[in-house]
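One structure is given here, and the rest of the page talks about it.
Readers should treat all values here as calculations from the given coordinates under stated rules, not as data from a laboratory. The shown structure was predicted, so the numbers you read here are calculated from the model rather than taken from an experiment. Methodologically, a virtual Cβ is constructed for each residue, glycine included, from the backbone with ideal geometry; neighbour enumeration extends over all protein chains shown.
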Amino acid sequence: MGGGHRASAEALEAAMEREAPGRLDVAIVDVWTQYGAFPFNKFVPSYRLAAKYPNVLWRSCYFATSFPPLMAALNLQHRLTCSRGFAQREHDPHLVVSMHPLTQHVPLESPRISPYLPVRRQVPFATVVTDLGSAHRTWFDKRVDACFVPSDAVRQLAGRCGLRCGARGAQVRQYGLPVRPAFWTAAAERKHRLSAGSTAALAGELHLSTDRKTVLIVGGGDGVGSLEGIVKSLAKHVLFMPPNQRSRGHAGGFSTQVCGKNARLQQKLERQRWEGVDVCARGFTSRMSDYMEVADCIVTKAGPGTVAEAAIRGLPTMLSSFLPGQEAGNVPFVVESGFGEYSSNPRKIALTVTGWLQDATKLEAMSEAAARAGQPHSSGTIAIASDLCEMAEAATLSLTEHTSPRLSPYLPMS
Ligand code: UDP
């Protein structure tokens, strides 16, 4: 439902195409919006609303659905309202992959014996957990053939929910969080990032100042959180920095960058006059990897996607908020790995970030720590894709000669 689930699904689609070029038909499906009856087809806008009010709306939804009887009732309701549309889908999957905790139940309960094939057979099912430091228990269904987890914390949780953990080949497989192709070649990218010339060239391409330090400020795909307060506070505190500390080169100044789908905030920040500071408010960008390369550090909510990407990019990370439950575990992941801090107070955020920017040694040490924490995630996407391709191949091989030779892994997500 959040930008992270979609970004991870797109990452796997690209990685699977790389693993088996031209042999895959991948369909990314938003099960609820496409097949759910009201109010289930409104999950995506409801997610956005809940994420705007994390301590009231999000918290109550998240923890209420951890209560088994309530979850059972919700699952029954999903099955009654959504299964029919899902089962009638024209796709003929050889593999189903769930990228969201609420897209497990319907595909697992729907006819897993494909009605479209001349030879009836079981459709394998995999879950790819896209949370990082903690995860909702609905991610873990014992009936899945494989469950891919990104971290020790999530693997342990899967084990506690009764899934079989162990060496490679077990039901639970730990590789990393799927990230988009631009983030795969971490080591090479990092060298690239440290080269001042190429960073300046990229900044110019993105219409950012080429000689000023840059803080990237994001609030997930939807631009949620107290972004306005953070930008204002940062802009104010930057003015207290000595001019030579604000710039990469000789000209004074500073630039910040805000991304996401929050058009209202973007317009508000664009209208505002900023003294001595550049604030470049941008809408949703598909070039997040490039913005991360140009930035000296990032301020973000603790979304798993952004945290993993920032780590791969070796970006010191200031966490400004988290969704209770789901993203709470990402805070210790960042702080204990040594590449960031957490505060929800805009003034503290501004003080911390301006402190980092004036301490090149600290910034460099944090950048190294981030790259270490990000390593599994840069290589994990290809590993997951490779296993998924193997699962699809195995399912195809088990069919008779009547069956189409093309693979069609089928990726439901929201
Ligand atoms: N993102 C992006 N462009 C933007 C803002 C965000 O591509 O302008 C991506 C970001 O790189 C990350 C995802 O959206 O991959 C956000 O995922 P995250 O898990 O951090 O938060 P969510 O939006 O799912 O709550």
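Calculate, for residue 80 and residue 59, the FRET efficiency according to 1/(1 + (r/R0)^6) with r their C-beta to C-beta distance and R0 30 Å; round to the nearest 0.05.
Result of the calculation: an efficiency of 0.65.
Within 10 Å of each residue's Cβ, count the other Cβ atoms and sort 105, 136, 94 from fewest upward.
Fewest-to-most ranking of 105, 136, 94: 136, 105, 94.
Taking 0.36 nm per residue of sequence separation and subtracting the Cα-Cα distance, how much length would be gained by fully extending the chain between residue 205 and residue 335, in nm to one decimal?
43.6 nm
Quickly rank 38-51, 137-150 as a protection proxy: mean count of other C-beta atoms within 10 Å, highest first.
The most tightly packed comes first, giving 137-150, 38-51.
In whole Hz, with x marking every Gly and Pro, tabulate ³J(HN,Hα) for region 349-357 from phi via Karplus 6.51 cos²θ - 1.76 cosθ + 1.60, θ = phi - 60°.
Along region 349-357, the couplings run 4, 5, 5, 4, 5, 5, x, 4, 5 Hz.
Taking amide hydrogens as modeled 1.01 Å from N in the peptide plane, which residues meet the under 5 Å criterion relative to residue 279, leaving out close sequence neighbours?
256
What is the gain in length, in nm to one decimal, between residue 362 and residue 198 on full extension, counting 0.36 nm per residue of separation less the C-alpha to C-alpha distance?
Full extension of this stretch gives 56.8 nm more.
Once the piece of chain linking residue 278 and residue 27 is laid out straight, how much longer is it, given 0.36 nm per residue of separation minus the C-alpha distance between them?
Working it through step by step, the gained length comes to 86.3 nm.
Which links in 213/301; 213/268; 213/236 stretch past 18 Å when you go from one Cα to the other?
Over 18 Å Cα-Cα: 213/301; 213/268.
Put a dot 7 Å past each Cα toward the Cβ at residue 386 and residue 351; how far apart are the dots in nm?
Between residue 351 and residue 386, the label points sit 4.8 nm apart.
Enumerate the aspartates and glutamates that residue 42 could reach by cross-link, defined here as Cα to Cα under 20 Å, with residues fewer than 8 away along the same chain left out.
By straight Cα distance, residue 42 reaches 30, 222.
Taking just the C-alpha trace of region 260-329, give me its Rg and Dmax in Å.
Cα radius of gyration and Dmax of region 260-329 are 13.5, 39 Å respectively.
With the crude spin-label approximation of a point 7 Å out along Cα→Cβ, what separation in nm comes out for residue 375 versus residue 236?
Here the answer is 4.2 nm between the modelled labels.
Is there a quick way to get the dipole size of region 268-343? I mean about its Cα centre, with the Cβ of Lys and Arg at +1 and of Asp and Glu at -1; what is the value in debye to the nearest 20?
320
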